[in-house]
Amino acid sequence: MERDGKKQALSTREARDLVADAQRLLTQKLSGSSRRHFLRQGLTLGGVMMLTGCDLSDNPEAEQVLSAISRVNDRVQGWLFSGNRRVPEYKESDITRPFPFNAFYGEESIPRVSGDDFRLHIRGLVRDSRDWTLAELNRLAQHEQITRHICVEGWSAIGRWGGVRFSDFLRLIGADIRAKYVSFRCADDYYTSIDMASALHPQTLLALSWDGRVLPAEYGYPMKLRIPTKLGYKNPKHIIAIEITDRFTGGYWEDQGYNWFGGS
């Protein structure tokens, strides 16, 4: 906040009070119209910090405060999310070619997974926890979409993805759709998790193909999650295990401070 014309770091007490005020406001039982008004004003805690000129950079408890900010923002994004609202889909002529590669490592470190040996492990709150082969997944009903991938780094690209509608797969394995989270483990040691409402969105795919051909290694072979309602880091590649759980499992980037909900 401003003191004598200079930006000053919030004290620990001020930071905690600001977080507490925002959390109290978010947990009020607001009517639908009041909630929409609140969201239109953009009053997430991060916005309050920016508008007031407050600075947490010198605060010894900054990480705890910022984690609280992120949790508040997650709840706001969860309110905004609609399981029925679809993101735009595009024409084939709109596809970005070449589609960019992006990961937490260079292209020389892309994992090489054997499709013949691949098994998708199913864990947690499900009726049928057997493993799935790639051939079995390819025999399920396939759907295609041409949607925009939005990266948190500021770029976007349009791709054509095909695969199994994730909501269909969850119901096929008898997943408890009342569970809070779906988590993913990957062959490249990446991991992330999403909320169940996003998992059930009709545009969320277990992607097995890209641009009409088998999913290339650089885009996540043998399988990636294509979830166009979220930012790119919520679209894990080289998936080897899926868990349905009420236990919060975080994520590779989320555990380093990225927003967990990650809505685009």
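The values are calculated or read from the model by the stated rules, or taken from the named source; none is laboratory data. Just so it is clear, the model here is predicted, and its values are computed rather than measured. Heads up, the Cβs are rebuilt from the backbone with ideal geometry, glycines too, and the neighbour counts pull from every protein chain shown.
I'd like to check something: does segment 137-158 contain any residue that is buried (at least 23 other Cβ atoms within 10 Å of the Cβ) and farther than 25 Å from PHE104 by Cβ?
There is no residue in segment 137-158 that is buried (at least 23 other Cβ atoms within 10 Å of the Cβ) and farther than 25 Å from PHE104 by Cβ.
Evaluate the following for ASP189: is it assigned by TED's automatic domain parsing to the domain that holds HIS238, at negative phi and of a type in the set (Asp, Glu)?
On the way: assigned by TED's automatic domain parsing to the domain that holds HIS238: yes; at negative phi: no; of a type in the set (Asp, Glu): yes.
So ASP189 does not fit the description; no.
Which residue is surrounded by the most Cβ atoms within 10 Å (Cβ to Cβ), if the candidates are limited to segment 227-246 and must be under 9 Å from the mean Cα position of the chain (by Cα) and of a type in the set (A, V, I, L, M, F, W, C)?
ILE227
Restricting to segment 133-155, name every residue that is within 23 Å of GLY115 (Cβ to Cβ) and of a type in the set (A, V, I, L, M).
LEU134, ALA135, LEU137, LEU140, ALA141 - these are the residues of segment 133-155 that are within 23 Å of GLY115 (Cβ to Cβ) and of a type in the set (A, V, I, L, M).
Can you tell me which residue in segment 186-196 is surrounded by the fewest Cβ atoms within 10 Å (Cβ to Cβ), limited to those that are touching a Leu at 6+ places or on another chain (Cβ under 9 Å) and of a type in the set (A, V, I, L, M)?
Step one: of segment 186-196, the residues touching a Leu at 6+ places or on another chain (Cβ under 9 Å) are 192, 194, 196.
Retained after the next criterion (residues that are of a type in the set (A, V, I, L, M)): 194, 196.
Numbers: ILE194: 25, MET196: 19.
The selected residue is MET196.
Looking at segment 87-136 only, could you name the residues that are surrounded by 15 or more Cβ atoms within 10 Å (Cβ to Cβ) and out of contact with any strand residue (DSSP E or B) (no Cβ under 9 Å at 6 or more places or on another chain)?
Matches in segment 87-136: ALA103, ILE110.
Residue-by-condition table, conditions (1) in contact with a Pro (Cβ under 7 Å, 6 or more places away or on another chain); (2) on the phi > 0 side of the Ramachandran plot; (3) small (Gly, Ala, Ser):
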position	(1), (2), (3)
ALA199	no, no, yes
ALA207	no, no, yes
GLU218	no, no, no
PRO222	no, no, no
ARG226	no, no, no
TYR233	no, no, no
ASP246	no, no, no
GLY250	no, yes, yes
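Please go through segment 197-226 and give me each residue that is hydrophobic (A, V, I, L, M, F, W, C), crowded, with 21+ Cβ neighbours inside 10 Å and more than 20 Å from GLU92 (Cα to Cα), ordered by number. Outline the logic, then answer.
Step one: of segment 197-226, the residues hydrophobic (A, V, I, L, M, F, W, C) are 197, 199-200, 205-208, 210, 214-215, 217, 223, 225.
With the extra rule that they be crowded, with 21+ Cβ neighbours inside 10 Å, the set shrinks to 199, 205-208, 210, 215, 223, 225.
The answer is ALA199, LEU206, MET223, LEU225.
So TYR221 ticks every box in (1) aromatic (Phe, Trp, Tyr); (2) out of contact with any Phe, Trp or Tyr (no Cβ under 8 Å at 6 or more places or on another chain); (3) farther than 19 Å from ALA103 by Cα but one. Which box is left unticked?
(3)
In segment 177-184, is there at least one residue being of a type in the set (Gly, Ala, Ser) and either in contact with a Pro (Cβ under 8 Å, 6 or more places away or on another chain) or closer than 27 Å to PRO111 by Cα (or both)? Give the steps one after another, and end with the answer.
Our first condition is that a residue be of a type in the set (Gly, Ala, Ser); within segment 177-184, this holds for 179, 183.
Then drop every residue that is not either in contact with a Pro (Cβ under 8 Å, 6 or more places away or on another chain) or closer than 27 Å to PRO111 by Cα (or both), which leaves 183.
Yes, segment 177-184 contains at least one residue that is of a type in the set (Gly, Ala, Ser) and either in contact with a Pro (Cβ under 8 Å, 6 or more places away or on another chain) or closer than 27 Å to PRO111 by Cα (or both).
Go through the residues of segment 108-129 one by one and say whether even a single one is modelled with pLDDT of 95 or more, part of a helix (DSSP H, G or I) and either within 26 Å of LEU231 (Cα to Cα) or under 20 Å from the mean Cα position of the chain (by Cα) (or both).
Checked segment 108-129: at least one residue is modelled with pLDDT of 95 or more, part of a helix (DSSP H, G or I) and either within 26 Å of LEU231 (Cα to Cα) or under 20 Å from the mean Cα position of the chain (by Cα) (or both).
Within segment 164-174, is even one residue crowded, with 19+ Cβ neighbours inside 10 Å, aliphatic (A, V, I, L, M) and in contact with a Lys or Arg (Cβ under 8 Å, 6 or more places away or on another chain)?
Checked against the condition, which is being crowded, with 19+ Cβ neighbours inside 10 Å, aliphatic (A, V, I, L, M) and in contact with a Lys or Arg (Cβ under 8 Å, 6 or more places away or on another chain), segment 164-174 yields no hits at all.
Can you confirm whether THR147 is within 20 Å of the chain's Cα centre (by Cα) and of a type in the set (Ser, Thr, Tyr)?
Details: within 20 Å of the chain's Cα centre (by Cα): yes; of a type in the set (Ser, Thr, Tyr): yes.
It is true that THR147 is within 20 Å of the chain's Cα centre (by Cα) and of a type in the set (Ser, Thr, Tyr).
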